[in-house]
1. Label 7 Å along Cα→Cβ of I194; the range 218-235 residues with amide nitrogen under 18 Å?
2. Could you work out which residue, out of N16, N225, N41, moves most in a Gaussian network model of the chain, that is, has the largest mean-square fluctuation with Cα springs under 10 Å?
3. Give me the net charge for the shell around N225: Cβ to Cβ below 10 angstrom, other residues only, Lys and Arg +1, Asp and Glu -1.
4. For a quick protection proxy, order the peptides 19-28, 160-169, 109-118 by their average other-Cβ count within 10 Å, most packed first.
5. So what is the 222 nm mean residue ellipticity for the chain from helices alone, if each DSSP H run of at least 4 adds -39500 (n - 2.57) and you divide by all residues, rounding to the nearest 500 deg cm²/dmol?
6. Within the chain, which complete DSSP H helices have Cα atoms spanning at least 27 Å along the helix axis and a mean Kyte-Doolittle hydropathy of -1.0 or higher?
7. Holding the Cα-Cα limit at 31 Å, pick out from K64/K261; K64/K130; K64/K210 the pairs that are longer than that.
8. How big is the charge dipole of the chain about its Cα centre, in debye rounded to the nearest 20, if each Lys and Arg gets +1 on its Cβ and each Asp and Glu gets -1 on its Cβ?
Amino acid sequence: MKRFIDLGTYIEIAINALEEGLSPVWRAMDDGISWTVSSMNDLLLSVPFAVFLLVVALIAYYAKAGKNSLKLEGLKKGIGLVSFVVIGLFIIYGMGYWREAVQTTTLVLVSTFITLIIGIPFGILAGRSKIADAIIRPVLDFMQTMPAFVYLIPAIFFFSVGNTPGVIATVIFSVPPAVRLTALGIKNVDKEVIEAGHAFGATKNQILFKIQLPLAMPTILTGVNQVILLSLSMVVIASMVGARGLGSIVYQGIQQNDIAKGFESGLGIVILAIILDRITQAIANKRE
C-alpha cells in the first residue's frame, strides 16, 4: 500500500534536532542518573544481608501495625507481612541473586523518585485547573497506550546503553498513574472544606498544602504504589538497553532458553513486587 503520510520521518528529524541542540543536557542527565544509581547500588550492597533484612522487616512491621506496633493487635497484623519479607528475601539470597535484586531495587527507587517529582506537580496542576487537565489528559493517554518498547528507541539515541535509558523509559511509562491519581485525589476533596478554608481567609497555597494535599494523600500514595509496580514491570524491558538487575537475568534466560534461570530471576521480581506493594499499601491504608 502506498504511503501518503510520512509522519515517522518528521519525528526522526525532530529527535535528531533535540539530540544535537540539547546534547549537554542529555550528557548531564546521563551523568547524574548513572552516578545516582551507581552510588545507591554501592551503598546498599555494602550493607550486610542480615542488617538489610532486619531493616526491611521493621519497616514492613511498622507500616502494617501502625500505632499498635507495641501491642498484641499490632503483632497479629504485622507478623504475616514480616514473615513474607524474611522468607522472600532469604529465597532471593539463597538463589544467589542478591546483587541483582539490589540493582533492581535501586532502579525502581530512582525511577519512582524521578517519576513522582514529575508526576505529582502535574497532577496537582490537572486537579486544580480544567484547562490544564484537558491538555494533560490526552498526553497521558498517549504515554499509556504507546508500547513500552518504543520508548527504548529515543532513550538509546539520547543516552546510548546502560542504566540511564532504562530509567528514562521506566519514568515515561510510569508517570501517567502518578499524574492521574494525584489529580483524582485533589478533585475528590470536599468542596465544602475548601470553601471553609476560603471563608477563614486561607490563601491558595495554604488550601493546597494544608487541606487538599493532606486529604488527597491516600489516593496519592495509591499512585506511588502503582508507579512502583509499573517500574518493576519494566525491568525486563529496560535490561534490553543495558540496565542491570534481575531483568537482565530474565533476558539472559530467554536468550539462552534457560528455564531455571528465567524462572528463578522472575520469581525474584515477583517477591520484590509483592514486598513493595504490601508495604506501600499498608502506608496508604494507615493514612486513610
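FYI, it's all coordinate maths here, none of it is from the lab. Quantities reported herein were computed from a predicted structural model and do not represent experimental measurements. In this analysis, Cβ positions are derived from the backbone assuming ideal geometry, glycine residues included, and neighbour counts consider all displayed protein chains.
1. Answer for this model: 218-220.
2. Largest GNM mean-square fluctuation: N16.
3. Numbers: positive: R278; negative: D277.
Result for the local shell: 0.
4. Result, highest mean Cβ count within 10 Å first: 160-169, 109-118, 19-28.
5. Values: 14 runs with 243 residues, N = 288.
Roughly -28500 deg cm²/dmol at 222 nm, from the helical runs in the chain.
6. Span-like helices, by this rule, are 23-46, 72-95, 98-128, 163-187, 213-233, 259-287.
7. Checking Cα-Cα distances, K64/K261; K64/K130 exceed 31 Å.
8. Roughly 920 debye, rounded to the nearest 20.
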